[in-house]
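Every number here is computed from the coordinates shown, using simple stated rules; none is lab data. On a predicted model such as this, the values are computed, not experimentally measured, just so you know. Here the Cβ positions follow ideal geometry from the backbone for every residue, glycine too, while neighbour counts run over all protein chains shown.
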């Protein structure tokens with residue numbers, strides 16, 4: 001028997017955002033790592049409750065004990081709270097950057113996109129497919145659609161940072177842009193940045 005089979009606590013643990021589940025699974029399978037580590041996902045709705053991210057991750061890291069851990073979150077709106085938690089756990093790293101958009105696009109491309117049009121609302125594949133639950137209803141627009149123009153008054157476009165060529169994602173993203181009354185642009189970024197980061201960390 002291998003050590004992996006005998007003792008799962010010897011396997012690395014990836015603590016990840018539920019919104020990254022599809023992409024992370026693809027990355028781990030592509031790198032041959034899917035059977036070499038464990039992944040524990042936090043609920044994707046924390047995307048709308050960033051103040052809850054750092055405490056939730058701290059609890060999981062404490063429960064992990066001496067296991068080697070990687071945190072598949074960027075700062076994600078925690079305002080530095082996640083980094084303050086991670087300083088308590090030497091050797092534990094997170095994804096670089098401010099948010100998953102920067103992780104997927106890479107810092108240089110994301111900066112160029114932002115500079116070209118600061119009023120951009122970004123979507124990943126996951127957010128496009130779950131736009132109604134995570135964005136529309138998450139912001140209360142299902143109950144109060146009249147707030148749309150207030151929330152998005154300073155936005156001019158929706159940019160899909162596409163990780164795949166799934167036509168269903170493109171259709172969902174276009175519909176999201178229409179609901180928000182914004183122009184639409186698709187930027188293919190793939191999963192390369194995430195794959196390199198995760199493989200290097202693990």
- Message: Going by Cα centres, segment 39-81 and segment 103-123 are how many Å apart?
- Response: 24
- What do the square roots of 5 times the Cα gyration tensor eigenvalues come to for segment 7-102, in whole Å, largest first, as semi-axes of the equivalent ellipsoid? 20, 17, 11
- Task: Express the Stokes-Einstein translational diffusion coefficient of segment 60-115 in µm² s⁻¹, to the nearest whole number, given a Kirkwood radius over alpha-carbon pairs, 10 °C and a viscosity of 1.306 mPa s.
- Result: 129
- Note on the structure: Relative contact order as a percentage, segment 105-188, C-alpha pairs under 8 Å and 6+ apart, gives 35
- Roughly what % of DSSP beta bridges within segment 105-188 run antiparallel, to the nearest 5? 0
- Among 45, 99, 130, which comes first, then next, by fewest other beta-carbon atoms within 10 Å? 45, 99, 130
- Note on the structure: Dividing the mean separation of Cα pairs under 8 Å (6+ apart) by the residue count of the chain yields a relative contact order in percent of 20
- Query: According to a simple spin-label model (label point 7 Å from Cα along Cα-to-Cβ), what is the distance in nm between residue 183 and residue 171?
  - Reply: 2.6
- Query: Taking other Cβ within 10 Å of each residue's Cβ, how do 120, 167 sort, fewest first?
  - Reply: 167, 120
- So residue 36 and residue 49, fully extended at 0.36 nm per residue minus their Cα-Cα distance, gain in nm 1.6 nm
- Message: Test of understanding: express the Cα radius of gyration of segment 105-188 as a ratio to 2.2 N^0.38 Å, with N the residue count.
- Response: 1.06
- Gain upon complete extension [residue 68, residue 150; 0.36 nm per residue less C-alpha separation]: 25.1 nm
- Rounded to the nearest 10 degrees, the helix 21-30 long axis (Cα) sits at an angle to the longest Cα principal axis of the chain of 50
- Query: Rounded to the nearest 500 deg cm²/dmol, what is the calculated helix-only ellipticity per residue at 222 nm for the chain, with -39500 (n - 2.57) per DSSP H run of length n ≥ 4?
  - Reply: -11000 deg cm²/dmol
- Could I have the simple spin-label model distance between residue 60 and residue 115, label points 7 Å from Cα toward Cβ, reported in nm to one decimal? 3.4
- Query: In degrees, nearest 10, range 0 to 90: what is the angle between the Cα axis of helix 107-116 and the longest Cα principal axis of the chain?
  - Reply: 10
